[in-house]
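K.L.:
Before I ask anything, let me first share the structure, which is written out below as structure tokens.
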Amino acid sequence: MMLLSAPCATPRWYRLIWGATMKESTMLLEVKDLCTSYGRVQALRDVELSIDSGEIVAILGANGAGKTTLLNTVSGVLQPNRGTVVFSGRPIVGQRPWTICRMGLSHVPEGREIFPGLTVEANLRLIDFDGGGARFSINDVLDLFPRLAERYGQLAGGLSGGEQQMLAIGRGLMACPRLVLFDEPSLGLSPMLSKAVLGTIRKLKAHGIASLLVEQNMRAALGIADRGYVLRVGRITAQGSASELLNSADIQEAYLGV
């Protein structure tokens with residue numbers, strides 16, 4: 001983290017980095033001192049963050065900052081070298097991804113990772129457990145994404161990119177999650193479809209579902225988020241409310257390159 005030599009020089013972005021305080025013990029997800037490596041390359045360094053029930057929290061940063069690694073570590077796809085991840089009061093480091101999903105934490109990964117050789121219906125019916133969050137039936141998912149109702153009997157591999165993203169989100173909701181990790185949900189989509197997908201994430205808040213959102217489009221992410229963290233070379237270097245981060249020219253220039 002960047003340090004200032006003069007204690008009287010406290011610009012707004014400095015207060016964003018150091019001034020935010022995290023709630024204790026009541027958070028739905030708490031990550032502390034998280035370090036993850038690929039061989040000798042350390043991708044995450046002492047990451048700490050939290051998210052409360054129903055919150056939308058954005059993870060911002062340039063390509064290679066460690067955003068996908070962070071989500072993969074939280075969801076159990078990767079195992080950390082050090083640190084703790086506590087979900088709903090239970091430590092989950094070392095648990096398998098499917099076990100974590102059954103606890104109520106869904107992961108909609110970058111690249112969608114649907115089953116292209118199965119129909120839309122079959123992709124949705126693969127999830128047959130309840131994570132303890134808001135209940136979503138297949139009809140609920142089709143109401144949320146009417147386009148999928150039109151493609152219901154078609155193979156998922158024949159869907160457009162936007163339709164596949166809708167299917168990936170719908171499949172995640174079938175697990176009745178309390179928290180969903182979204183990794184670049186608007187990547188490769190048209191502006192209209194991007195707006196629709198991000199609008200759907202905002203709607204989940206009304207169901208009490210929290211979202212941890214990795215999104216390259218900073219303005220779009222902060223447009224729906226409550227709070228955000230800036231990740232730079234594997235470290236959290238800033239945090240604050242969505243409006244603070246969105247309106248901070250210092251953070252945009254120093255950390256996001258915009």
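Values quoted throughout were computed directly from the atomic coordinates according to the rules given, and no laboratory measurement underlies them. The shown structure was predicted, so the numbers you read here are calculated from the model rather than taken from an experiment. Please note: Cβ atoms are built from the backbone with ideal geometry, for glycine as well, and neighbour counts cover all protein chains shown.
K.L.:
May I ask what percent, to the nearest 5, of DSSP beta bridges between residues of the chain are antiparallel? Working shown, then result.
P.N.:
Values: 21 of 38 bridges.
Antiparallel: roughly 55 percent of the beta bridges in the chain.
K.L.:
At 0.36 nm per residue, minus the direct Cα-Cα distance, what do ARG102 and LYS32 gain on full extension? Give it in nm, one decimal, please. If you can, show how the numbers build up before the last one.
P.N.:
Values: separation 70, 0.36 × 70 = 25.20 nm, distance 2.23 nm.
Going from the current span to full extension adds 23.0 nm.
K.L.:
Placing +1 at every Lys and Arg Cβ and -1 at every Asp and Glu Cβ, with all other atoms neutral, what dipole size does the chain have around its Cα centre, in debye to the nearest 20?
P.N.:
Numbers: 26 positive and 23 negative charges, 47 e Å.
For the chain, the charge dipole is close to 220 debye.
K.L.:
What ranking, highest mean first, results for peptides 34-43, 107-116 when packing means the other Cβ atoms within 10 Å averaged over each residue?
P.N.:
Details: 34-43: 14.3, 107-116: 18.0.
So the peptides 34-43, 107-116, ranked by packing, come out 107-116, 34-43.
K.L.:
Helix 161-173: angle to the longest alpha-carbon principal axis of the chain, degrees 0 to 90, nearest 10?
P.N.:
90 degrees
K.L.:
Which one, SER137, GLN154, LEU212, projects farthest toward the positive side of the charge dipole computed for the range 85-243 from Cβ point charges (K/R +1, D/E -1)?
P.N.:
Going by the Cα projections, it comes out as LEU212.
K.L.:
Which of PRO191, LEU126, SER50 sits closest to the plus end of the dipole of the chain, meaning its Cα is farthest towards the positive end, when Lys and Arg get +1 and Asp and Glu get -1 on the C-beta?
P.N.:
Toward the positive end, the furthest listed residue is SER50.
K.L.:
Toward the positive end of the charge dipole of the range 27-256, about the Cα centre and with charges on Cβ (Lys, Arg +1; Asp, Glu -1), which of LEU70, VAL41, GLY170 goes farthest?
P.N.:
Farthest along the dipole direction, towards plus: VAL41.
K.L.:
I want to check the label-to-label distance for ASN81 and SER137. Put each point 7 Å from Cα in the C-beta direction and report it in nm to one decimal.
P.N.:
5.0 nm
K.L.:
Work out, step by step, the length gained on full extension between ARG219 and PHE115: first 0.36 nm times the residue separation, then minus their alpha carbon distance; give nm to one decimal.
P.N.:
The ARG219-PHE115 span can extend by a further 34.3 nm.
K.L.:
Same structure again: If contacts are Cα pairs under 8 angstrom and at least 6 residues apart, what is the relative contact order of the chain in percent? Numbers along the way, then the final one.
P.N.:
Numbers: 517 pairs, mean separation 69.4, N = 258.
Reported as a whole number, the value is 27 percent.
K.L.:
Nearest 10 degrees is fine. How inclined is helix 191-204 to the longest principal axis of the chain, computing both from alpha carbons?
P.N.:
90 degrees
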